[in-house]
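Inspection log for the structure reproduced underneath, given as structure tokens.
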Protein chains: 2
Amino acid sequence: MSLSESLRWVMGELEESRGAAIIGMDGIVVEEQKKEGELDLQALGAEFSSLLRSVGKATESVNLGGVTELVTCAEQSLVLLRRVTTDYFLVLVIRSDGNLGKGRFLLRRAGAQLKTEL
Amino acid sequence: MSLSESLRWVMGELEESRGAAIIGMDGIVVEEQKKEGELDLQALGAEFSSLLRSVGKATESVNLGGVTELVTCAEQSLVLLRRVTTDYFLVLVIRSDGNLGKGRFLLRRAGAQLKTEL
């Protein structure tokens, strides 16, 4: 499955999804899919790549190891991040009333597939 | 229920919990309970209060609103954060194989109770 096909698969499986992207740890979006024009995945990628690094430093400093996933529940949406390799992570933005458990499951599946592509 | 009773209730309801705390947005621990001496909730509070502010700035900058919850899956533990008021948040650290759904549910219940106390 190509990068864009993986993202389309995730979005298709979860009706409440707003957008999904594969983002480098440098904050640059490699591939993105979205249902709504107003969702700025480029800006989100830049913000959250930096946060993911900060969270990783924090968990390592308190002896909890590296970060594999980060889930942010904001007022307007849930933002799910999953590390795929040391250089890339997946993002899925879903409506705030969306199914968080299914979102995590889909990102885990997509991440396992993408590991060989990235 | 007092602050320490609320934390003990959360810990008692979830066998996989390692520690819980009520922390100010200035990073200072107001109350803590833990099962293991090695878990440094003071250090964790300082690190995550700063992260919670950064995540809130990030979600607001991409028009997703303020942050109500943050879940970090690290290699050694899951760290669940829940905003209780503008000044305080709850932290629950559970083993990485622990029940994330139950942890979130317990924090939501405890948060609702604590809102009137803080």
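Worth a mention:
- Search result, residues across segment B:15-58 that are of a type in the set (Gly, Ala, Ser) and under 18 Å from B:Arg104 (Cβ atoms): B:Ser17, B:Gly19, B:Ala20, B:Ala21
- Looking at segment B:1-114, the helices (runs of 4 or more DSSP H) lying wholly inside it that each contain 2 or more residues that are open to solvent by 70 Å² or more (accessible area, probe 1.4 Å), within 14 Å of chain A (Cβ to nearest Cβ) and not hydroxyl-bearing (Ser, Thr, Tyr) sit at B:41-61, B:100-114.
- Residue match in segment A:48-56 (condition: touching a residue at least 60 places away in the same chain (Cβ under 8 Å) and among the aromatic types (Phe, Trp, Tyr)): no
The values are calculated or read from the model by the stated rules, or taken from the named source; none is laboratory data. Bear in mind the structure is a predicted one, so any value in this text is a computation, not a measurement. For neighbour counting, all protein chains shown are included, and Cβ atoms are generated from backbone atoms with ideal geometry for every residue, glycine included. Note: areas computed on protein heavy atoms with side chains; ligands, DNA, RNA excluded. Shrake-Rupley method; radii C 1.70, N 1.55, O 1.52, S 1.80 Å.
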